[in-house]
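The values are calculated or read from the model by the stated rules, or taken from the named source; none is laboratory data. Treat the numbers as computed from the prediction; the structure is a model and nothing was measured. So basically every Cβ, Gly included, is an ideal-geometry build from the backbone, and we count neighbours across all protein chains shown.
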């Protein structure tokens, strides 16, 4: 799947965004258009009295606080259980890897293995690849 | 020819909205109970889905975003999750009913009880999703579903007085013996099923699977304005056949066998056979549509890779959702629940999902940051806004009417 | 910290009165990175869903009118007007933002949007 449309806007100094419109809940795609995840939250870092957005946070752990209330706590509990199963840091995508913000948030081509796909890896290994034909693209 | 065949995505999508098992029975039932008095609602629903399918398709082609992506983007994760839950309930209840519908069509052809066919049908539906090319799937089931045109032929064979029919269509009146609340309930049910959210989820996702680009806008429009009306025509002909044959005879419709009765009467065994093939294809097509939609909506809410075009191992979570959905739905239907009742009750969830689906589409289709020069024109906006209001009214009225009329008793 | 700590947070003005909730955050690209430029604060929850993230929304016209009505009372809080901010005590609760001035001294959002345009 390819991202196309009115030239996805490159990130450039001076550009202003509405966090709720341009960033939160947008689809993050690789430079070839492959979906990676949603922008579940943004990581903020305090520096010289200002707050800088430093990373896109991904996964149920990042999404839980945005769901609020009991629902959020429930999702966070699930996320903790999933994280305990594979360990490691909660998935984040460094903002330096984001090239453009348009209809989708597009990453730079050189972005390597992002480690945001733990559930996908588990499902692929334990369920899907056991079924014959999993590698065949039906087209 | 290629351009004309490109309309099969629209036809397949429309099948899920107009001639899936719930609608086959509902159209026939409405024709049998109310004659031609609800044809206008079918037309109203048809225009609505055409308008929004074009918008959703245009957003998919220009911005590359499928509809459920937009639901979470514009409504946020909480309300988006509410829509996900409601839409999934509608889609899964419908999928369960469709699996039964395919089995019922086979039962009518084979005299073997339908429940015995359900596991085989489920497996077959999954195999088509797993291995058959998207475009091939679209063409086979879209075109085979069109075999339901036999109902149009049957209507002509029943030789109605056209002036009379036209009068009844344009002067809808609640027949003797039916109450206004029941009439309104069926009007709402017809509208809600013509504009069921999974249609736009499937249509926009299918468009992206077909790799629609801004240059394909003509294809989007052909699909929306030719494909969907074909589906509507099929529903209309089933309703008309029932209105002409079953209504005067006071025959009530509660089983698939009564739905296909008019073709048997008008065209004999051959007509009946064609009708059953059409029903099989339509319910199978609707099974594919709803099974894939359940995967599309979950994957698009969470941002996962999705789609049946690429190898399954690249979209494992999406395929897992589809497999689980098929297993759960076939288990549900194997408990012996009446499949048509099941689709009736999904109306309540549809009432929640409808406004939460169509508002984001309307908003995004207007946004120049998504759409560039392809944002909505005045006609799309006028119709889009009118239909959004209708959808809101329907949503508010659905549950009370359902309770008051005991789902159309 | 995260953006979720700011979005929906309770906003208390200089006098300690509730000014509303944070309904949007404006981010601006600078040479040093993507910085939080300021907050949009709305007194009533009702304004939120309709105001569509506080970008000026034009079309369709009826919904644009509803969006404008919904954001009429929204105010713009530049970051230098924020005295302090605290994350929620427990996951799922709301954060708190304290301003250094009274709500009446805040610029209405519409005026700020005109300046940005």
Quiz item: Cβ-Cβ below 8 Å, separation at least six or inter-chain, first residue in the range A:124-139 and more than 7 Å from chain B (Cβ to nearest Cβ), second assigned to a helix (DSSP H, G or I): which pairs?
Solution: A:131/B:130; A:131/B:312
Quiz item: Would it be correct to say that residue B:138 is in a helix (DSSP H, G or I), modelled with pLDDT under 95 and more than 22 Å from residue B:333 (Cβ to Cβ)?
Solution: yes
Quiz item: Is it true that some residue in the range A:20-30 is away from chain B (no Cβ under 14 Å), in contact with a strand residue (DSSP E or B) (Cβ under 9 Å, 6 or more places away or on another chain) and either at positive phi or without any contact (Cβ under 8 Å) to a residue 40 or more places away in the chain (or both)?
Solution: no
Quiz item: So, of the residues in the range A:34-63 that are within 10 Å of chain B (Cβ to nearest Cβ) and part of a helix (DSSP H, G or I), which turns out to be modelled with the highest pLDDT?
Solution: A:63
Self-check item: Single condition residue B:330 does not satisfy, out of (1) in contact with a helix residue (DSSP H, G or I) (Cβ under 7 Å, 6 or more places away or on another chain); (2) buried (at least 24 other Cβ atoms within 10 Å of the Cβ)
Solution: (2)
Exercise. Go through B:54, B:107, B:73 for me and flag whichever is at pLDDT below 95, away from every other protein chain (no Cβ under 12 Å) and in contact with a helix residue (DSSP H, G or I) (Cβ under 9 Å, 6 or more places away or on another chain).
Key: B:107
Quiz item: When you scan the range C:1-32, how many residues do you find that are under 12 Å from residue A:51 (Cβ atoms) and more than 12 Å from every other protein chain (Cβ to nearest Cβ)?
Solution: 0
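Conditions tested, residue by residue: (1) surrounded by 18 or more Cβ atoms within 10 Å (Cβ to Cβ); (2) at pLDDT 90 or above.
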{"position": "C:39", "(1), (2)": "yes, yes"}
{"position": "C:49", "(1), (2)": "no, no"}
{"position": "C:72", "(1), (2)": "no, no"}
{"position": "C:91", "(1), (2)": "no, no"}
{"position": "C:103", "(1), (2)": "yes, no"}
Practice problem: Select the helices (runs of 4 or more DSSP H) contained entirely in the range B:307-384, then report the ones holding at least 1 residues which are within 8 Å of chain A (Cβ to nearest Cβ) and either closer than 21 Å to residue B:53 by Cβ or modelled with pLDDT under 95 (or both). | Solution: B:316-334, B:368-371
